[in-house]
Amino acid sequence: MLAVIHLRRNQGPRVEPARAVAAWWSDRAIETQLFVYDDASDASYYGAGLDAFTLLLEISAATSEPILLHITDSTLRKEISGVVDAFPSVSLVGANRSAVLELTLAALDVLDADSRDQEAALEERERERIAALPELTVATDASKSRRRGVGVACVSEEGVRYQRMVPKVATILEGELLAIELAIVRFEDRRLHILTDSQPALEHLGVLQNPRPLRSCGGVKATVDRIHEAMRGREIRLSWVRGHDGHLLNETADRLAMAVRRAHESDVPTEALQTIAQQIMEPLLGAA
């Protein structure tokens, strides 16, 4: 019986559990068995490989067939070769035969399928986690002077803020849309209720109906397209709030946007801007 043991634990940026696959030829067909441990430690990694080895020994004993075994991991192969005399039914072989390659590819297919299943399960758990969280309200705003460029900001009811200066923007409309985009991108793991005091921005996003022609040129159209793409598959509501009307979240976003714009225009150091932003946030944090 020709067989292969193939091991895996780290694949890509995410650490996966230790796994091993035993693959063997049986009646001109390939059979496989996957062994999975909960962590990626050396003990689990080689434990999974030894579980695969034990299975092959059991099959050999049941069928009275000797095993021609290839082990892809060099360390496990060395360890088993040191004790292989204790297993008369086992002979270790190299990879220089086509049947070994077929078994290795079959083992890889099993591992890849398990990785996909784990990733799908992880994504589903993440969706369930996000769905269980309450909707997060975020206010957005933009600030522009007569100079070119716009400051944009967003702030959540939980007291998390983001600010940025976009020097080349020529219109406040594009700035308001950029502020909405900032909120969508930065608060990516929550269901959102985004508040803006810009009716034109909501009109361009299709939230408010208005018979006036919408500006579809330049940065406005590009930003609208990016927002629609970022909202795909997300639960996001967009609402209008009257600006400069005492709404604490809206007023905070307005002041944060103005602060980052003025800091840029006056070459205020980043450390000073952070201090200013923290002072702006104090009423909101106190209310929270």
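Picking from VAL268, ALA121, ALA183, whose Cα lies most toward the positive end of the charge dipole for the chain (charges on Cβ: Lys, Arg +1; Asp, Glu -1)?
Ranked along the dipole, the leading option is VAL268.
Can you give the charge dipole size of the range 169-275 about its Cα centre, rounded to the nearest 20 debye, using +1 on the beta carbon of Lys and Arg and -1 on the beta carbon of Asp and Glu?
With only Lys, Arg, Asp and Glu charged at Cβ, the dipole is about 320 debye.
If packing is taken as the average count of other Cβ atoms within 10 Å, what order do 185-198, 90-103 fall into, highest mean first?
Ranked by mean Cβ neighbours within 10 Å, highest first: 185-198, 90-103.
Quick check on the range 1-78: what does the Kirkwood estimate of hydrodynamic radius come out to from the alpha carbon pairs, in Å?
About 12.8 Å, per the Kirkwood formula over Cα pairs.
Looking at the chain, do any whole DSSP H helices span at least 15 angstrom along their long axis by alpha carbon and average 0.5 or above on Kyte-Doolittle, and which?
Flagged H segments are 42-63, 172-186.
Taking all protein chains as present, what is the carbon and sulfur share of the accessible area of the range 65-110, in % to the nearest whole number, probe 1.4 Å?
Within the range 65-110, the accessible surface is 56 percent carbon and sulfur.
Could you tell me which label, among (i) 1.01; (ii) 0.93; (iii) 1.27, carries the value of Rg/Rh (Cα atoms, Kirkwood Rh) calculated for this structure?
Entry (iii).
Put TRP24, TRP240 in order of accessible area, largest first, 1.4 Å probe: what do you get?
TRP240, TRP24
From the Cα gyration tensor of the range 215-288, with a ≥ b ≥ c the square roots of its eigenvalues, which class applies: rounded if a/c is under 1.5, or else prolate if a/b is larger than b/c, or else oblate?
oblate
Of the candidates GLY219, GLY159, GLY82, which one comes out as most mobile in a Gaussian network treatment of the chain with C-alpha springs shorter than 10 Å?
GLY82
Normalising by the residue count of the chain, find the relative contact order in percent from Cα pairs under 8 Å and 6+ residues apart.
This gives 15 percent for the chain.
Putting +1 on Lys and Arg Cβ atoms and -1 on Asp and Glu Cβ atoms, find which of THR252, ALA18, ALA62 reaches farthest to the positive end of the dipole of the chain.
Of the listed residues, the answer is THR252.
What figure, in Å² to the nearest 10, do you get for the accessible area of LEU50 with a 1.4 Å probe and non-protein molecules left out?
80
Where does the range 149-214 land on the Kirkwood hydrodynamic radius, alpha-carbon pairs, in angstrom?
Taking the inverse mean of 1/r over all distinct Cα pairs, the range 149-214 comes out at 12.7 Å.
Tell me the per residue accessible area of the chain using a 1.4 Å probe; a whole number in Å² is fine.
For the chain, the per-residue accessible area is 54 Å².
For the chain, what is the charge dipole size about the Cα centre, in debye to the nearest 20, if Lys and Arg each add +1 at the Cβ and Asp and Glu each add -1 at the Cβ?
1660
By the gyration tensor of its Cα atoms, with a ≥ b ≥ c the square roots of the eigenvalues, what is the shape of the range 165-255: rounded for a/c under 1.5, prolate for a/b over b/c, or oblate?
Rounded, since a/c falls under 1.5.
Count the DSSP beta bridges whose two residues both fall in the chain, then state the antiparallel fraction as a percent rounded to the nearest 5.
Bridges in the chain that DSSP calls antiparallel: roughly 60 percent.
Of VAL152, ALA170, LEU133, which is farthest on the positive side of the dipole of the range 111-177, counting Cα position, with +1 on Lys and Arg Cβ, -1 on Asp and Glu Cβ, and the Cα centre as origin?
Positive-end residue among those listed: ALA170.
When the solvent-accessible surface of protein heavy atoms is calculated with a 1.4 angstrom probe, in what order do LYS144, LYS168, LYS221 fall, highest first?
LYS168, LYS221, LYS144
For the range 107-157, just say rounded, prolate or oblate: build the C-alpha gyration tensor, square-root its eigenvalues into a ≥ b ≥ c, call rounded for a/c under 1.5, and beyond that prolate if a/b exceeds b/c, oblate if not.
oblate
Let me spell out the model: positive unit charges on the Cβ of Lys and Arg, negative unit charges on the Cβ of Asp and Glu, origin at the Cα centre of the range 224-288. What dipole size does that give, in debye rounded to 20?
260
The values are calculated or read from the model by the stated rules, or taken from the named source; none is laboratory data. These figures come from a predicted structure and were not determined experimentally. Don't worry about glycine lacking a Cβ; one is built from the backbone with ideal geometry, like all the others, and counts go over all protein chains shown. To get the accessible areas, we keep the full protein, side chains included, count just its heavy atoms, and leave off ligands, DNA and RNA. Shrake-Rupley method; radii C 1.70, N 1.55, O 1.52, S 1.80 Å.
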